[in-house]
Amino acid sequence: MFISTEILQKLTEAYTWKGGMLIFGAIHLHLCVVGLFLIRPDQASTHALNYWKKKTNSYQVTTSLDTTETIRMVEDCNQNIDKNALARKIVEAEEKQNQTGPPKRSIKEFMKISWKLWGKPSFMLLIISDSFSWMATYIPFVHLVERARQLDIDDETSALISSCNGIGGAIGRVFLAIVFQKIKIHPLYAYAITQSLAGLATMLSPLWSTTEGLFVYATIFGFMSGGYGYIKASVALMLGRELYGISFSWFLLLEGFGLALGPTIGGLLYSSTKSYDMTFIFSGGLIFISGAMCVWKNMVESCELVNNDDYDEKVKLSDDALELKITAISHVI
């Protein structure tokens, strides 16, 4: 972000904003080409992202054992079946699954699981927090440069202030990862800490309406925003691996709405007040709420409804089944 902000500023000065955006977009389109090199040539014809992929009798991508089959084997193991025999059964089942490919969910099944997912308090906590965060996080990125210009700061310095978001983010991601790993904190609490501090800094930023103050704010905000990814890890831990994919689909949908609404609302607040103070207070308030509400994690989990149907049994046992599977195979090896 530090380099790209400076590049965009220089391109805008040389070719106007239209030419700058055209060139900047062309540069980023090269990422699509670079991404293709991450796929091995022997996987291209059957890769999941290949719309024209060939249909084959064997599934060439290694997949994990279906949870239903694993749970059945866990139950067998509980009946004192030899672990070596269990491991062989797991390997045989995996080989059989590799011949048929991974299980595919129909739209009906997706909606059925989603319906149950939306009834989980932990999912509601996570997705509301995530939506608030995405609605507010990009407001400083979008409006900070213009806010600096409104304070009679020259264009080059304004762009440099925005670049400090990138510097703070690069340092923050590494530093926060090391610190939270050392203290063994739950990812959701790590997310709550960083979001709350980023929100407070943004709400107080109107008090720092100087060149030096905006430099400090941009660095702090970038540093703290580096902890955003912890909410994704929280989804996997709180909802389980099986629900992660479907959960992430809904997260992405609401994140898109948040990205569209947040900067737009920020612009409307500026149009109404002719000042960016309320825009940044609004942004900081949402970011702070998105972090502070995560302290209800234990209360929400204690209120989680426990259903006894087959679907919830799969989710409950998925992590235990995976651990048993690894242990059993290690005995054979």
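Looking at (1) in a helix (DSSP H, G or I); (2) surrounded by 12 or more Cβ atoms within 10 Å (Cβ to Cβ), which is the one condition that is false for ILE39?
ILE39 satisfies all of (1) in a helix (DSSP H, G or I); (2) surrounded by 12 or more Cβ atoms within 10 Å (Cβ to Cβ) except (1).
Quick one: is THR62 assigned to a helix (DSSP H, G or I), modelled with pLDDT under 80 and over 30 Å from GLU156 (Cβ atoms)?
It is false that THR62 is assigned to a helix (DSSP H, G or I), modelled with pLDDT under 80 and over 30 Å from GLU156 (Cβ atoms).
Applying the selection to region 198-219, what residues are open to solvent by 40 Å² or more (accessible area, probe 1.4 Å) and either touching a residue at least 60 places away in the same chain (Cβ under 8 Å) or over 16 Å from GLY285 (Cα atoms) (or both)?
LEU200, MET203, LEU204, TRP208, SER209, THR210, THR211, GLU212, PHE215, VAL216, THR219
Test ALA292 against the stated conditions and say whether it is farther than 19 Å from HIS143 by Cα, under 19 Å from the mean Cα position of the chain (by Cα), assigned to a helix (DSSP H, G or I) and small (Gly, Ala, Ser).
yes
Results for (1) touching a Lys or Arg at 6+ places or on another chain (Cβ under 6 Å); (2) modelled with pLDDT of 85 or more; (3) not basic (Lys, Arg); (4) not in a helix (DSSP H, G or I), shown as yes or no for each residue.
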site: ILE81; (1), (2), (3), (4): no, no, yes, yes
site: LYS89; (1), (2), (3), (4): no, no, no, no
site: PRO103; (1), (2), (3), (4): no, no, yes, yes
site: MET124; (1), (2), (3), (4): no, yes, yes, no
site: ASP130; (1), (2), (3), (4): no, yes, yes, no
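Just for region 111-147: of the residues that are among the hydrophobic types (A, V, I, L, M, F, W, C) and open to solvent by 60 Å² or more (accessible area, probe 1.4 Å), which one is farthest from SER196 (Cα to Cα)?
If we take residues in region 111-147 being among the hydrophobic types (A, V, I, L, M, F, W, C) and open to solvent by 60 Å² or more (accessible area, probe 1.4 Å), then MET111 is farthest from SER196 (Cα to Cα).
Return a yes/no flag: does region 135-142 have any residue that is more than 21 Å from VAL235 (Cβ to Cβ), free of Cβ contacts under 8 Å to residues at least 60 places away in the same chain and not in a loop (DSSP other than H, G, I, E, B).
Yes, region 135-142 has at least one match.
Evaluate region 167-176: report whether one residue or more is open to solvent by 10 Å² or more (accessible area, probe 1.4 Å), within 15 Å of SER234 (Cβ to Cβ) and in a helix (DSSP H, G or I).
yes
So CYS32 ticks every box in (1) loosely packed, with under 15 Cβ neighbours inside 10 Å; (2) at pLDDT below 75; (3) part of a helix (DSSP H, G or I) but one. Which box is left unticked?
Checking CYS32 against (1) loosely packed, with under 15 Cβ neighbours inside 10 Å; (2) at pLDDT below 75; (3) part of a helix (DSSP H, G or I), the one that fails is (2).
The values are calculated or read from the model by the stated rules, or taken from the named source; none is laboratory data. Here the structure is a predicted model, which is why all the values come from computation and not from measurement. Because the Cβ atoms are built from the backbone with ideal geometry, glycine has one as well, and the counts that use them run over all protein chains shown. Heavy atoms of the whole protein, side chains included, go into the accessibility calculation; ligands, DNA and RNA do not. Shrake-Rupley method; radii C 1.70, N 1.55, O 1.52, S 1.80 Å.
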